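Presented below is the structure to which this report refers.
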C-alpha cells in the first residue's frame, strides 16, 4: 500500500521488484503524467496496481487484505502524517514494515515530528524511517 501516488514511480517500482506483489495506492491529486509512467512498467505489472483517488486518511476498505508494506509519502506535515498512520494502523499485518518517506528532510520536518509523536522506534536510512509492527 502506498499513500501518495504522485507520478506512481514508487508503485511501479514495488510491482517491478516482486512479480506477485499487488499495490493499492492512494492520492486525491491525480497527475496527468501518472498513466504514462505506469505504462512504462508494462501491462501485466500495471494490472497489479490499483489507483484510488481518495485521501490517505480514508483508510482501508472493508475487504482489503492486511497491509504488509505501507509506504507513506503523501502529505508531509505532522498532523496529516499522524492522521494517515492512524487510519491504517489497525489494518497492518503482524510484523508489517512501515516506511515513512522524507524523514529528516529539511523541507518536510512534519514527517519526523509525526514519527516522534507516534512514539515509533525504528531505523532512519537514506531519508526513510522504517518501523516494524509487532508480530
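The values are calculated or read from the model by the stated rules, or taken from the named source; none is laboratory data. Every value quoted in this text rests on a predicted model; they were computed, and no experiment measured them. A quick note on method: Cβ atoms are made from the backbone with ideal geometry, for glycine too, and the neighbour counts reach across all protein chains shown.
Of 34, 48, 78, all but one fail to be touching a helix residue (DSSP H, G or I) at 6+ places or on another chain (Cβ under 7 Å), surrounded by 13 or more Cβ atoms within 10 Å (Cβ to Cβ) and outside the structural domain of residue 106 (by TED's automatic domain parsing); the exception is 48.
When residue 106 is tested against the conditions (1) buried (at least 21 other Cβ atoms within 10 Å of the Cβ); (2) more than 19 Å from residue 9 (Cβ to Cβ); (3) more than 12 Å from the chain's Cα centre (by Cα), the lone failure is (1). Listed conditions (1) over 18 Å from residue 22 (Cβ atoms); (2) assigned to a helix (DSSP H, G or I); (3) in contact (Cβ under 8 Å) with a residue 40 or more places away in the chain are all met by residue 57, apart from (3).
If you check 81, 30, 67 for being closer than 18 Å to residue 121 by Cα and under 16 Å from the mean Cα position of the chain (by Cα), only one passes: 81.
Among the residues of this structure, residue 69 does not count as one that is farther than 20 Å from residue 132 by Cα and surrounded by fewer than 20 Cβ atoms within 10 Å (Cβ to Cβ). Scanning the stretch 91-106 for residues that are in a strand (DSSP E or B) and either more than 14 Å from residue 81 (Cα to Cα) or not assigned by TED's automatic domain parsing to the domain that holds residue 126 (or both) turns up 92, 97.
Do you know which of the residues in the stretch 69-90 that are touching a residue at least 40 places away in the same chain (Cβ under 8 Å) and not in a helix (DSSP H, G or I) is farthest from residue 104 (Cα to Cα)? Checking each candidate, the answer is 69.
Screening 38, 51 for residues that are closer than 21 Å to residue 10 by Cα and within 14 Å of the chain's Cα centre (by Cα) leaves exactly one candidate, 51.
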